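K.L.:
Could you have a look at this structure, given as C-alpha cells, before my questions?
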Amino acid sequence: MSISLLERYQRLGTKLILFITGFSSSSWAVVVPYARANTGVNEATLGTLLLCLGGGALLAMPLTGYLTAKYNCKKVIRASVWSIIFSLPLLSLITSPLLLAAALLIFGTGIGITAGAINIQSVIVEKKAGKPLMSGFHSMYSCGGIAGAGLMTVLLSVGISISVATAFVSVVVIALLIISQKGLLTESSHVEGPTFAKPKGIVLWMGIICFSVFLAEGTVLDWSAVFLTEIRDVAESNGGLGFATFALAMTVARLIGDRIITGLGAIPVVIAGALIAAAGFALVLFIPDWKISLAGYALVGLGCANIVPVMFSAAGRQAVMPAAVAIPAVTTMGYLGVLAGPAIVGYVAHFSTLPAAFICISVLMILVALMTLKTRSVMVGRVCSADRVSAPVCGFADYSYAEGVTIPLYPKGALKIVQDDSYG
C-alpha cells in the first residue's frame, strides 16, 4: 500500500526527533567528567546534581499531554528541543554547582518534554499507518545514543575542546530539527477530562512493565562495567564493552522489530523478549567467562528492545484513560525505572552482592512475562470506539483505528478491533 508524501514526512520527523533525544542524552554522558572537573564537586555532590536532570525530565513528562493538547506536537517539540540546544553547551562551561544544577534542570526538562511529546506523535503516526511502526521509531533513539557518544569521543580524541564539541553537537541538532519540521504534527484540540492523572487499571500495569524494563536497561548502563571489572576481572579500559554490546543488540532488534511484531504478534514478542532478557542476565551471572557475559548482555538488549515500544502502542489503544494522558504516564513510569534502577541495584549489592542484585533483575524479567497477560485485553484489540479511546490531541481523533481494522497482535491471525463501550 502506497503512503502519501505527508505520511512519509511524519514518519521521518518522528524518527529524527527520537534520534535527537538519544543523541543529546548520550552526548551529555561524555560531558559528565568535564562538568565535575569544572565545578570541583565530589562524587556525592555530583550524584545530587545529576538528580536535577532526572528530576526535570520526570516532572516534565506528565505535562506533555496538556501541552500538546493546548498547543500541538510541533510547537511543544520545537520549544523543548531548543532548550536542549541552548543548555548542552552551557553544561560544559559552567563552573558553579548551583548554575550547573539549574542548567541540568533545563536540559532534563527539555529531554523529558521532547520524549513525552514524540511518544504521543509516534502513537498517532502508527495508528494512521495501521501497522506496527513503534520499534522502528525507537530504534532511532538507540542509533542517536550510539551516534552522540561516538561523535563526542571522536571530536575529543582529535583535540577539540569540550565546549566546541558540545557546540558542534547543538549545531547538528539544529540541522536535524529543521529537517524534521514538515513531519511534526500541527493539529491541536480540546481534551475532555483531565490532562494529567496518575495511571490506573491496565495503564498502571503497562507502566509497571515499562518501569521494570527500563530498570533492567538502567542496570546494564550503570552496573555492567562494574560487574565486568570487579567480578569478571576485565581491564577497566574494556569495562564499557558490556553496555556497548547491549546497545548494539537493542538497536538491531528495534530496526527489525516492526517486521517481527507483524509476523509473530505483539504478545509473543513481549513474553519471549522478557524471557530472553532473563536468560541473558542468567548467562552473565552463572558462566564465569567475560566473553559469555558479553553474549548475555547482548541477549538482554535483544529481549528488552521491543517491549517498551509495544507498551507505548498499547497505551494509545486502551480505554481506561485518554491516550494523551496514558502515554505520558507510562513514559514517566518507564523513565523512573532508569533513575531508580541503578540505585536499587546499588543498595542490594551493598547489603548482599552485585550478583544477587542481578539475580533479582532476572527474576523481574520473568515477572514481566507474567504481567504481560494483564495487558492482553488491549493487545488483542478490545478498545472502545474511536471517539472515546483517543483524546483529541494532535489529531488523535482523526488518526484512531477504525472499527474492523486488523492489527497484528497474535501470529498471523490478527484479530479485529471491536467496539467496546465499557469505558473505564
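The values are calculated or read from the model by the stated rules, or taken from the named source; none is laboratory data. Given the structure is predicted, the values throughout are model-derived calculations rather than measurements. Here the Cβ is made from the backbone with ideal geometry for all residues, glycine too, and neighbour counts use every protein chain on show.
This table checks each residue for (1) without any contact (Cβ under 8 Å) to a residue 60 or more places away in the chain; (2) closer than 23 Å to residue 265 by Cβ; (3) in contact with a Cys (Cβ under 8 Å, 6 or more places away or on another chain).
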| residue | (1), (2), (3) |
| --- | --- |
| 327 | no, yes, no |
| 335 | no, no, no |
| 343 | yes, no, no |
| 348 | yes, no, yes |
| 357 | no, no, no |
| 363 | no, no, no |
| 371 | no, yes, no |
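K.L.:
Can you pull out every residue in segment 32-47 that is under 27 Å from the mean Cα position of the chain (by Cα), more than 16 Å from residue 156 (Cα to Cα) and surrounded by 14 or more Cβ atoms within 10 Å (Cβ to Cβ)?
P.N.:
36, 45, 46
K.L.:
What pairs come up if the first residue lies in segment 217-229 and is more than 21 Å from residue 333 (Cβ to Cβ), the second is part of a helix (DSSP H, G or I) and among the acidic types (Asp, Glu), and their beta carbons are under 7 Å apart, counting only those six or more places apart or on different chains?
P.N.:
So the pair list comes out as 229/236.
K.L.:
Any residue in segment 8-30 that is free of Cβ contacts under 8 Å to residues at least 60 places away in the same chain sitting within a Cβ distance under 6 Å of a residue that is surrounded by fewer than 24 Cβ atoms within 10 Å (Cβ to Cβ) and assigned to a helix (DSSP H, G or I)? List the pairs, counting only those 6 or more apart or interchain.
P.N.:
none
K.L.:
Name, by its number, the condition in (1) farther than 28 Å from residue 60 by Cβ; (2) at pLDDT below 95 that does not hold for residue 298.
P.N.:
(2)
To keep it simple, each residue is scored yes or no on (1) part of a helix (DSSP H, G or I); (2) in the same structural domain as residue 176 (by TED's automatic domain parsing); (3) buried (at least 19 other Cβ atoms within 10 Å of the Cβ); (4) in contact with a Gly (Cβ under 8 Å, 6 or more places away or on another chain).
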| residue | (1), (2), (3), (4) |
| --- | --- |
| 49 | yes, yes, yes, no |
| 56 | yes, yes, yes, yes |
| 76 | yes, yes, yes, no |
| 86 | yes, yes, no, no |
| 93 | no, yes, no, no |
| 100 | yes, yes, yes, no |
| 109 | yes, yes, yes, yes |
| 118 | yes, yes, yes, no |
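K.L.:
Over 20 Å from residue 142 (Cα atoms) and surrounded by 15 or more Cβ atoms within 10 Å (Cβ to Cβ): does that describe residue 4?
P.N.:
no
Residues are listed down the side, and each one gets a yes or a no for (1) touching a strand residue (DSSP E or B) at 6+ places or on another chain (Cβ under 7 Å); (2) within 18 Å of residue 335 (Cβ to Cβ); (3) modelled with pLDDT of 95 or more; (4) among the acidic types (Asp, Glu):
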{"position": "22", "(1), (2), (3), (4)": "no, yes, no, no"}
{"position": "25", "(1), (2), (3), (4)": "no, yes, no, no"}
{"position": "28", "(1), (2), (3), (4)": "no, yes, no, no"}
{"position": "39", "(1), (2), (3), (4)": "no, no, no, no"}
{"position": "61", "(1), (2), (3), (4)": "no, yes, no, no"}
{"position": "79", "(1), (2), (3), (4)": "no, no, yes, no"}
{"position": "86", "(1), (2), (3), (4)": "no, no, yes, no"}
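K.L.:
Find all pairs meeting these conditions: Cβ atoms under 7 angstrom apart; at least six residues apart or on different chains; first residue within segment 81-103 and more than 17 Å from residue 114 (Cβ to Cβ); second residue outside any helix (DSSP H, G or I).
P.N.:
Listed pairs, sorted by first residue: 97/41; 100/94.
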